[in-house]
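Derivation of every value follows stated rules applied to the coordinates shown; laboratory data play no part. Note that this is a predicted model, so its numbers are computed, not measured. So basically every Cβ, Gly included, is an ideal-geometry build from the backbone, and we count neighbours across all protein chains shown.
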Amino acid sequence: MNSQRDIAHKIVELSYPPFQITEEAVDKLASILIRTDLKKNTIFLNEGEICKQIGYVEKGMIRQFYFKNKKDLTEHFACEHSIFICIESFLRQRPAHLMVEALENTVLYGIPHDPLLKLASENYEIEVIYRGLLEDSLILSQRKTDSFRFETANERYNRLLKEHPEIIQRAPLSHIASYLLMTPETLSRVRASLQ
C-alpha cells in the first residue's frame, strides 16, 4: 500500500507543467491528504452538497453524474492515477449540481479546500501544483465540449476507446452512452460497426 507521501508524489506528477518540487513541499501536500475507502455504488458527493476536496483516485473508478429530465447522465469518469473535481462547487464553495459515485470498490485521497488554499498562499510550489490541477481539469472539460460540437458519435466513441480503453472495459454501457451523449441503442450500433 502506498504511503500518503507516495500519493502526494503521484499528484505532483499530474500537475502541469511538470516541474521539480522540494521534498518539503511534497511533505506539506501529503500532510493534508484525506483517505476515503468507498464500496462499489457508494455515493461520495450528493447533489446539493459542497465539494470540499479535489479527489485523486488511487484504486478503483468513480463517475460524476447528474439528473436531467429524470435521466441519469454521466459527466466524467476517473480511474487510477487521475483527478476529479466538481470545479464550480469546489472553487466557490457552493452546492454541487454533480454527484460522485464509486463504480468499483475505490480508494480516494482528497486534497481538502481550506488546507490547500492555506498551503498555496504560503508555498509557491503548492500554488503551482494547485493551478496545474485546475488547468488540467478545465482543459479536459473544454476537450469534451469540443468533442460534442465537432465529432460524430463514431468519432467520440473511437476517441474514448483510444484514449481511455479502461473506461470501455470497466464502466457500464449505459453510463458510457450517456457520457458520449448517445442513446444505448446508438452506442450499440457504433460498437457493432467496429466489429
Long-range amide H partners of His76, meaning residues 5 or more apart or on another chain whose placed amide H is closer than 5 Å, are Gln64
Which of Leu173, Leu161, Cys86 sits farthest toward the positive end of the charge dipole of the chain, with +1 on the Cβ of Lys and Arg and -1 on the Cβ of Asp and Glu? Leu173
Can you list which of the chymotrypsin sites (Phe, Trp or Tyr not before Pro) found in the stretch 39-73 are DSSP loop residues with at most 16 other C-beta atoms within 10 Å? none
Local net charge near Glu24, Cβ-Cβ under 15 Å (Lys/Arg +1, Asp/Glu -1): -3
Could you check how many percent of all C-alpha pairs in the stretch 137-195 are farther apart than 14 Å? 55 percent
Log10 I(q)/I(0) at q = 0.14, 0.19 Å⁻¹ for the stretch 94-184, from Debye over equal alpha-carbon scatterers, is -0.74, -1.09
Area projected by the alpha carbon convex hull of the stretch 47-114, averaged over all directions, nm²: 4.4 nm²
MRE, 222 nm, helices only [DSSP H, n ≥ 4, -39500 (n - 2.57), over the chain, to nearest 500]: -15000 deg cm²/dmol
May I ask for the Rg/Rh ratio of the chain, computed from Cα atoms with Rh as the Kirkwood radius, given to two decimals? 0.98
Derived scalar couplings ³J(HN,Hα) [the stretch 111-120; Karplus, 6.51 cos²θ - 1.76 cosθ + 1.60; whole Hz; x for Gly, Pro]: 9, x, 3, 5, x, 5, 5, 5, 4, 5
Dipole magnitude (debye, nearest 20) for the stretch 78-124, charges at Cβ of Lys, Arg, Asp, Glu: 240 debye
Residue by residue through the stretch 124-140, what is 3J(HN,Hα) from phi via Karplus (6.51 cos²θ - 1.76 cosθ + 1.60, θ = phi - 60°)? Round to whole Hz and write x for glycine and proline. 4, 4, 5, 4, 5, 4, 4, 4, x, 5, 5, 4, 4, 5, 5, 5, 4
Along its principal axes, what span do the Cα atoms of the stretch 1-78 show, with the longest given first and each in whole Å? 49, 27, 21
Cysteines without a disulfide-compatible partner in the chain, using Cβ under 4.7 Å as the rule? Cys79
